[in-house]
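Student: Below is the structure I would like to discuss, written out as C-alpha cells.
The values are calculated or read from the model by the stated rules, or taken from the named source; none is laboratory data. Owing to the predicted nature of the structure, the values given are computational and were not obtained by experimental measurement. Cβ placement follows ideal geometry from the backbone for every residue including glycine, while neighbour counts extend to all protein chains displayed. Note: areas computed on protein heavy atoms with side chains; ligands, DNA, RNA excluded. Shrake-Rupley method; radii C 1.70, N 1.55, O 1.52, S 1.80 Å.
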Amino acid sequence: MPRFAVALLFAASSAFAQTATQTYEPTVGQEGKDVVWVPTPQAVVNKMLDMARVTKDDFVMDLGSGDGRTVITAAKRGARALGIEYNPQMVELSKRNAEKEGVTERAQFMKADLFETDFSKATVITMFLLPDINLKLRPKILNLKPGTRIVSNTFTMGDWHADQTSELNASGGCENSWCTALLWIVPAKVGGTYKTPQGEVTLKQQYQMLSGQMRADGKTYAIKGKVNGEEISFSAGGKQYKGRLKGKQLELTS
C-alpha cells in the first residue's frame, strides 16, 4: 500500500476514534469494575458537600467519579478535587465536562483502581458505592487522619453508624431513588486508660462512640461519650467533659 494511502487510513482511524470518544454517552446501569453506574442526583451531591462543609481549603477525592459531577461541584466551591474512575471513557468524559464548566485547574480525574489508591491526602472523601465495597474500604478509611470527612450517597458502613444523615425529597430537589446523604467523621484512636487531674479515665472505643469508666474521689462513674475527629466529649457522674489526646496524655476540661 502506498505511503500516502497508509497515512490517510491512519488519519481517518484517529479521527474516528477521537469522534467516538467525544460523543461517548454513558447509560444508567452500565457495568463497571466494581459497581454499575448510576449518577448521584445533583441535589444529593450538593447536600453531601454541604454536610462535609467543603471549602476552598479542602482536597476532595471522589471514589468512582463517573461523569465527574461531584468533583466538578466541589471545584466550583473552590476546593481541589480528584475523581478516581476505572472506566477510561468516563475519565475523558469527566475531563470534558470540567473543561465546559471552567474548573480544569481544580478538578482532575485519574483512571485508577480505588482499592489501590492512596487517600491519605484527602480531607473529604465522597462516594456512591455498594455496601460490600464500603466495608472493604472501611479499614483504610478508619486509618485516615482524624477529622477526615466521609460522605456517601445512600449506602452505609455496616455497624459504623453515620454521624449525620439527611433524607431529601422532591421539595429538596431529589424526586427519584438514591436521595440519602450520610456523613462520617474519622475518629482519633483514643481507647486506653489515662490519669488526669479530674481522675483516672478508662475509655473503650467503638468507632466514634465511647464507653468506659472514670474513677474520682473514691467513686467510679460510667462514661458515655463520643469522638469527633480529635475532640473527645463524654459525661460521667453528672458532669460533662471535653478534651483531646496530646501525645499519650489525655487533657480534659469540665
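Student: Please tell me which of these pairs span more than 30 angstrom C-alpha to C-alpha: K140/K242; K121/K204; K224/K246; K76/K226; K140/K219; K47/K226? All intermediate terms of the calculation are to be shown ahead of the outcome.
Tutor: On the way: K140/K242 27 Å; K121/K204 28 Å; K224/K246 21 Å; K76/K226 33 Å; K140/K219 39 Å; K47/K226 24 Å.
Beyond 30 Å: K76/K226; K140/K219.
Student: Using θ = phi - 60° and the Karplus form 6.51 cos²θ - 1.76 cosθ + 1.60, what ³J(HN,Hα) does each residue of segment 163-175 get, whole Hz, x for Gly and Pro?
Tutor: After applying 6.51 cos²θ - 1.76 cosθ + 1.60, I find 6, 8, 10, 9, 9, 9, 10, 4, 5, x, x, 10, 9 Hz.
Student: Further question on the same structure: Just the number please: accessible area per residue for segment 98-205, 1.4 Å probe, all protein chains included, in Å². Write down the numbers at each step before the final one.
Tutor: Numbers: 5590 Å² over 108 residues.
With all protein chains present, segment 98-205 gives 52 Å² per residue.
Student: Relative to the longest principal axis of the C-alpha atoms of the chain, give the angle of the C-alpha long axis of helix 131-142, reported between 0 and 90° and rounded to the nearest 10°.
Tutor: Orientation of helix 131-142: about 60 degrees from the principal axis.
Student: Can you give the angle from 0 to 90° between the axis of helix 3-22 and the longest principal axis of the chain, with both taken from C-alpha atoms, to the nearest 10?
Tutor: 40
Student: For a Förster distance of 25 Å, can you work out the FRET efficiency between the beta-carbons of D118 and K242, rounded to the nearest 0.05? Don't jump to the answer; show the numbers that get you there.
Tutor: Working: r = 33 Å, r/R0 = 1.31.
According to the calculation, E is roughly 0.15.
Student: Would you please give the residues with an amide H less than 5 Å from that of F59, counting only those at least 5 places away or on a separate chain, with H modeled from the backbone geometry?
Tutor: The list, which skips near neighbours in sequence, is T123, V124.
Student: Also: Sequence-distant or interchain residues sharing an amide H contact under 5 Å with F109, placed H: which?
Tutor: Those lying under 5 Å, H to H, from F109 are G83.
Student: Between E200 and R215, what is 0.36 nm times their sequence separation minus the Cα-Cα distance? Round to one decimal in nm.
Tutor: 4.9 nm
Student: Tell me, what % of the accessible area of the chain is carbon and sulfur with a 1.4 angstrom probe?
Tutor: Result for the chain: 52 percent of the exposed heavy-atom area is carbon or sulfur.
Student: Give the long-range amide H neighbours of G68: residues separated by 5 or more places, or on another chain, with amide H under 5 Å away, using H modelled in the peptide plane at 1.01 Å from N.
Tutor: Here nothing satisfies the definition.
Student: Return one number: the angle in degrees, 0 to 90 and rounded to the nearest 10, between the long axis of the Cα atoms of helix 42-51 and the longest principal axis of the Cα atoms of the chain.
Tutor: That helix lies at roughly 30 degrees to the long axis.
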